[in-house]
Structures are given as structure tokens and as C-alpha cells.
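Visitor: Quick one: structure below, then a few questions.
The values are calculated or read from the model by the stated rules, or taken from the named source; none is laboratory data. Here the structure is a predicted model, which means the values were calculated and not measured. Every residue, glycine as well, gets a Cβ built from its backbone with ideal geometry; the counts of neighbours run over all protein chains shown. Heavy atoms of the whole protein, side chains included, go into the accessibility calculation; ligands, DNA and RNA do not. Shrake-Rupley method; radii C 1.70, N 1.55, O 1.52, S 1.80 Å.
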Amino acid sequence: CGMRTTVVLDEDIAAAIRRLRRERGVGLSEALNQLARAGLTVRRPREPFRQRSVPLNLKVDVTNISEALELLDGPAAR
């Protein structure tokens, strides 16, 4: 048993429901459920990841990784 509620639909949504009911021969609740499920599965394209960087004007000797990390991150909490 589903949830029973009252909703107010915008005209474009009501038109989409009428069209779906006509095309698939389904009732109002089934058409609305199908459209809602379709909306839940839509994947919107993501913005491409861009790594931003800023010049630090810092020279780091990476022969000792521990010292380099401490210089960049600050002293480790002990």
C-alpha cells in the first residue's frame, strides 16, 4: 500500500503525466511513480576536476620526506 497525498502540479508536469498515461496506458499514480523514479536516476554531468595551485615561493628538499612534510604541514602533533 502506498502513501496517499494531495499535490499541486505545474502545467508542464501535468502534461507529461497525461502524455505518459496515453502512451503507456497506465493510471495517474503509475504514471507519476514512473516519472518520479526516472527523475531519481538521472545523472547530471559533473564539472571536470581542476587542481588549483598557488606559488608558495618555497624551496623544499625532498631527500628527507619527513622533513619536507613537516615544513609543508607544520610540526606533527604529538
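Visitor: Give me the extension gain from Leu56 to Arg24: residue separation times 0.36 nm, minus the current Cα-Cα distance, reported in nm with one decimal.
Guide: Between Leu56 and Arg24, full extension yields 5.3 nm more.
Visitor: Probe of 1.4 angstrom, ligands and nucleic acids ignored: what's the accessible area per residue over the chain, in square angstrom?
Guide: Ligands and nucleic acids excluded, the result is 103 Å² per residue.
Visitor: Take peptides 61-71, 26-36 and line them up by average Cβ neighbours within 10 Å, highest first, as a rough protection proxy.
Guide: 26-36, 61-71
Visitor: Averaging the inverse of every distinct alpha carbon separation and then flipping it gives the Kirkwood radius. What is it for the chain, in angstrom units?
Guide: Its Kirkwood hydrodynamic radius stands at 18.6 Å.
Visitor: Mind listing the phi-derived Karplus ³J(HN,Hα) values for the stretch 14-29, rounded to whole Hz, using 6.51, -1.76 and 1.60 with θ = phi - 60°, and x for any glycine or proline?
Guide: 4, 5, 5, 5, 4, 4, 5, 4, 5, 5, 9, x, 10, x, 4, 4
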